[in-house]
Every structure is written in C-alpha cells, then in structure tokens.
Amino acid sequence: MGRGVSEQWHPFLIFWRTKRIGMIYSREEVFDFIREEDVKFIRLAFCDVFGRQKNISIMPDELNRAFDDGISFDASAIRGFGSEDASDLLLFPIPSTLTVLPWRPSHGKVVRMFCNIRYPDGAPFEFDSRLILEKAVKKARSSGIYVKIGSEFEFYLFKTDENGAPTKVPFDYAGYMDVAPEDKGENVRREICLTLLDMGMHPESSHHEEGPGQNEIDFRYSDAISAADNAMNFISVVKATAQQNGLYADFSPKPLEGKSGNGLHINVSVKSDSGIDVTPAFMAGIMDHIRAMTVYLNPTEESYKRLGEKKAPGYVSWSRENRSQLIRIPAAKGDYRRIELRSPDPSANPYIAYALLIYAGLDGIKRNLTPPGEMDFNLYTAGPEIIEKLQRLPGSLEEAKAIADADEWLKSVLPPFTI
C-alpha cells in the first residue's frame, strides 16, 4: 500500500469493502467516495409513472447544489408528470442509494443516486413513485407490519444486426434450465450476476427459461424500497451487459408470438409485531383488489397477450406450488415462506406495483379477510365447471383501465394518475 500502511487496515479500503455489502451512505461519505474514487459524472436518477428510468448527469462540483437546492428538469417532457404551465420540478439525490456503474470507464468513474422529486417550493411531488412506495411502507410499519419483497425477472436475449439494432432472432434455442452449449446465455447471466454483486445487490439464482433466448434472474429478499431500487438497477445492468456482448435484452411482456412471455414474479414475505400469522389475510387483500391493480401491474397492450397462457395466470385463484395460478405458495420454510404473485410483467413500475401490494395486503389484514378456497387444478386445461366459478383478470388494457377508474379503494391509495 505504500508508506507502510497495511492493506487490511487502510481506512478507505475498509470503507470500500463496507460499501460493497450495502453500507448506508451519508452525504459526507458520498463526497469522500467521489473524491477518493475519481468520480467524474454523477447520474441523478428517477422513475417515471410508467416504469422508465430517467436521469440527469452532473459534474462533481454541482453536487452541493443538488443536495441543497435540487437540480431542475422539465416535467412536461416526462409522460404523466405535468404540463407546460407548471413544468419545473427538482431532483434531490438520496445519499444512501449511491452506487458505481461498473460498466462505465474505470478512470473517471460514473456513479448513480436515486432522487426525491419536489416542487420549487419544496413540497414533495405527489406522482413521485418512490415517494408513493415510501408512504406505503410507513403505513405498514405504523400498523406493525413488515414486508419484504424478492423479484424474479424474465427477459429475452436477441441478436443485433450489423448496425447494432435489435432483431427478433433469439440468442439461442435452449429450453428450461438447459446447459451449455445449448444455453448460450450462461456467460452473459454470470456477467450480469457479478456486476450486480459489485453494485451491492444479491442475485439468488439464474437460469435459462422456457422461451428461446429467454432467461431469468432472481433476487434475494429485501425491504420494499431497496427491492424497487434494485429492480431499476437490474434492468440497467442487464441492458448494458447485453449491449456489451452484441445483444439486445428485451423485457417486454410478449416478445415472441406463441412463446413464453416475460413475467415479473413478485415474492412477498409478511411479518407482524403481534406474532400472529397475517399472511393469509394479506394474500386475501391482494386477491380482493387484484383486478383494480392490474392496469399498474400490466400497463401495456402487449401485457394482455401474455396473461392466460404458458404459466401466466388468467384468473383470480391460488394454490400451493401450482404455476397456473395467480398466486402460488412455494415449497419453502422459515424466512423463505412467502406468497408469489405471478401476474405482473417487467413493464410495470416496481415502486407503484410494490406499493399497491402493500396497501392491498394491509386492507386484507384490516378487514380480516380470508382467501377463497385453494384451486389445485391446471387452469389451462380445467373444464367450465371449474372456470365459471372464478373471476377473470382483465383481458385487455382498455378493460383494466375501466376497472381501475371505477375503483374507490384504488383512488384512496394512489394520486390521480393519467394512465
């Protein structure tokens, strides 16, 4: 290390190692990190109503201003954020979300922080989806309820043409959990997982999915806000890694007609201060409100081409281990006991999706709801005597919007989005 300083005890190395396992930064530590690590660009990131990550890059000497006064942007240019007559909004970086973007140059590093969004008078922006999730988490905690979330993202890897533009030609034609050489995505997934670890995130598993060129990477449980931040980071990492390998990562709900769609399976674990098992009531709340929430969990026209086939649910039902259901209870014990919601897809805004699940679950607990009877049938082949007893999920974006527009509970937990 030079000057006789032991590597084991060098203060900045200790700081860096701590950071890599998820240190919560203070403002002062952000400045130390930027100075010590030769950071040249700082991305201030946020998520629009429709789940698309946006950002502004600033230089390090602008960071003080960002923390104190915010960095302004034109909200009228962000779909769902505002109109031209009141278009100024400000981004205030959140120090605890600092992460290095490992795929950027090692000299002159690039870091990213997620931001709070505020009006010029300092008031919080009501359509800030991260704020919406924060409010849901606070309500849960005030009720003595603690929610952890783990997500399973599916995506396709497609080849690109001679100009680097995406095609619909799959990177491989392997099947579920195949191995190399049929599974050509193995090295790409490994690279993605190692990059996630470098950013302080914890992928649990990865494998080839059923579709040609389709892959899945699953996350370890975390609190809901970290899970949503990780979801946004994950999509960035996958897209950047794919591009570096001459590929295109497609998270759309139904990239290939007749093949498996991309799901965002959301695993929810719930605990109560009282020690009472509130999971059944929480699950019942989700099932009670799922039709109203669907427009936010499946927000595109393409989303409804996925639902109802190839392990994507079409009905409001649950079962243990059965992958044809809306909710399944995986075979797991202890801290891994959870419910898995299988209807959402990656086009959803994760902050809004997780917030709605928390609000719905809390409503189920408040009303002491019980789930409907378990439906341990393959709903893709079940006869009309079974299907007729079940509520259907919305069959189109138009239907989902109409159900949401008429739902009073949804209006009570979300600001009046234009969707």
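Some observations on this one:
- Excluding ligands, DNA and RNA, the accessible surface per residue across region 362-419 is 64 Å² with a 1.4 Å probe.
- Rolling a 1.4 Å probe over the protein heavy atoms leaves Lys259 with an accessible area of roughly 90 Å².
- Of Lys138/Lys389; Lys184/Lys259; Lys138/Lys310; Lys109/Lys168; Lys135/Lys311, pairs whose Cα-Cα distance is over 29 Å: Lys138/Lys389; Lys138/Lys310; Lys109/Lys168; Lys135/Lys311
- Ranked by the mean number of other Cβ atoms within 10 Å of their residues, highest first, the peptides 26-34, 129-137 come out as 129-137, 26-34.
- Of (i) 33.9; (ii) 25.8; (iii) 23.5, the label for mean projected area of the Cα convex hull in nm² derived from the coordinates: (iii)
- Candidate residues Glu182, Glu340: accessible-area rank, largest first, probe 1.4 Å: Glu182, Glu340
- Length gained on full extension, Arg27 to Ser143, computed as 0.36 nm times the residue gap minus the Cα-Cα distance: 38.7 nm.
- In the assembled protein chains, His265 presents an accessible area of approximately 10 Å² (probe radius 1.4 Å).
- Judged by the gyration tensor of its Cα atoms, with axes a ≥ b ≥ c, region 66-223 is prolate; a/c meets the 1.5 cut and a/b is the larger of a/b and b/c.
- Against the empirical curve 2.2 N^0.38 Å, the C-alpha radius of gyration of region 168-325 lands at a ratio of 1.13.
- Apportionment of accessible area to carbon and sulfur, the chain, percent (1.4 Å): 49 percent
- Solvent-accessible surface ranking, highest first, for Tyr176, Tyr25, Tyr119 at 1.4 angstrom: Tyr176, Tyr119, Tyr25
- Estimated inter-spin distance, Thr370 and Asn163, nm [label 7 Å along Cα→Cβ]: 6.3 nm
- Potential extension, Lys305-Tyr380 segment - 0.36 nm per residue separation minus Cα distance: 25.5 nm
- Per residue solvent-accessible surface (Å²) - region 244-333, probe of 1.4 Å: 37 Å²
- Counting only Cβ charges, +1 for Lys and Arg and -1 for Asp and Glu, the dipole size of the chain around its Cα centre is about 720 debye.
- The distance separating the Cα centre of region 62-131 from that of region 362-419 comes to 34 Å.
- The listed residues Arg392, Arg118, Arg306, once ranked by accessible area (1.4 Å probe) with the largest placed first, stand as Arg392, Arg118, Arg306.
- Tensor-based shape of region 23-123 (alpha-carbon gyration tensor, a/c under 1.5 rounded, otherwise prolate or oblate): prolate
- When the surface is traced with a 1.4 Å probe over the full set of protein chains, Ile24 keeps roughly 120 Å² accessible.
- Inter-label distance for Asp74 and Arg337, nm, one decimal - labels placed 7 Å from Cα along Cα-to-Cβ: 5.4 nm
- Taking a sphere under 11 Å around the Cβ of Gln53 and counting the other residues whose Cβ falls inside, with K and R at +1 and D and E at -1, yields a net charge of +3.
- Cα-centre dipole for region 170-283 with unit charges at Cβ (Lys and Arg positive, Asp and Glu negative), debye to 20: 200 debye
The values are calculated or read from the model by the stated rules, or taken from the named source; none is laboratory data. This one's a predicted model, so the numbers in the text were calculated from it and none came from an experiment. Positions of Cβ are generated from backbone atoms using ideal geometry, with glycine treated the same way; all protein chains shown enter the neighbour counts. Heavy atoms of the whole protein, side chains included, go into the accessibility calculation; ligands, DNA and RNA do not. Shrake-Rupley method; radii C 1.70, N 1.55, O 1.52, S 1.80 Å.
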